[in-house]
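Accompanying notes for the structure given below.
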Amino acid sequence: MADGAALAAQCELLTDISSVEGYCEWMAGLGKSPLEGCAYELHSSSYGEANRTAVFFATFTASHVGEGGPVAKMCKVWNAPWALGELGWV
């Protein structure tokens, strides 16, 4: 990871996180609790040398083992309002 690498995410929880390092720290916190034992399966990744951008597509799985859990099941595919806003459609 390059020092100062920027992050853009389609997730309201991450709007205050603007670096890849910050995101990694946030995810590490989730993996300690409340989502201890979480994992992901990487389906695809690419890197564009011209604009130095990395893109990853993965399936994230976890069980809520912390306080207030467990949650029975959740499946989130994409954030439509965010994506439409990024396209200027809302």
* To do: Report, please, the projected area of the chain averaged over directions, based on the convex hull of its C-alpha atoms, in nm².
  => 7.4 nm²
* To do: Sum -39500 (n - 2.57) across every DSSP H segment of at least 4 residues in the chain, then divide by the residue count to get the 222 nm mean residue ellipticity, nearest 500.
  => -6500 deg cm²/dmol
* To do: Compute the acute angle (0 to 90°) between the alpha-carbon long axis of helix 20-32 and the principal axis of greatest extent of the alpha-carbon atoms of the chain; round to the nearest 10°.
  => 10 degrees
* Asked: Under unit Cβ charges (Lys, Arg +1; Asp, Glu -1), what dipole magnitude, rounded to 20 debye, does the stretch 12-86 have relative to its Cα centre?
  -> 220 debye
* Please give the length that would be gained between Y23 and W89 if that part of the chain were fully extended, namely 0.36 nm times their separation in residues minus their C-alpha to C-alpha distance (nm, one decimal). => 21.0 nm
* Return the loop-located trypsin sites (Lys or Arg not before Pro) in the chain (DSSP other than H, G, I, E, B) with at most 11 other Cβ atoms within 10 Å of their own Cβ; answer none if there are none. => R52, K73, K76
* Of the chain, which part is the longest with no GluC sites (Glu not before Pro) in a loop (DSSP not H, G, I, E, B) and with at most 15 other C-beta atoms within 10 angstrom? -> 1-35
* Structure fact -> Extension length gain for A80 and Y40 (0.36 nm per residue less Cα distance), in nm, is 12.2 nm
* **Stretchable slack from V65 to E12, in nm (0.36 nm times residue separation minus alpha-carbon distance)** => 16.8 nm
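Where a number appears in this text, it was derived from the coordinates with a stated rule and is not lab data. Fair warning: this is a prediction, and the values are worked out from it, not measured in the lab. Heads up, the Cβs are rebuilt from the backbone with ideal geometry, glycines too, and the neighbour counts pull from every protein chain shown.
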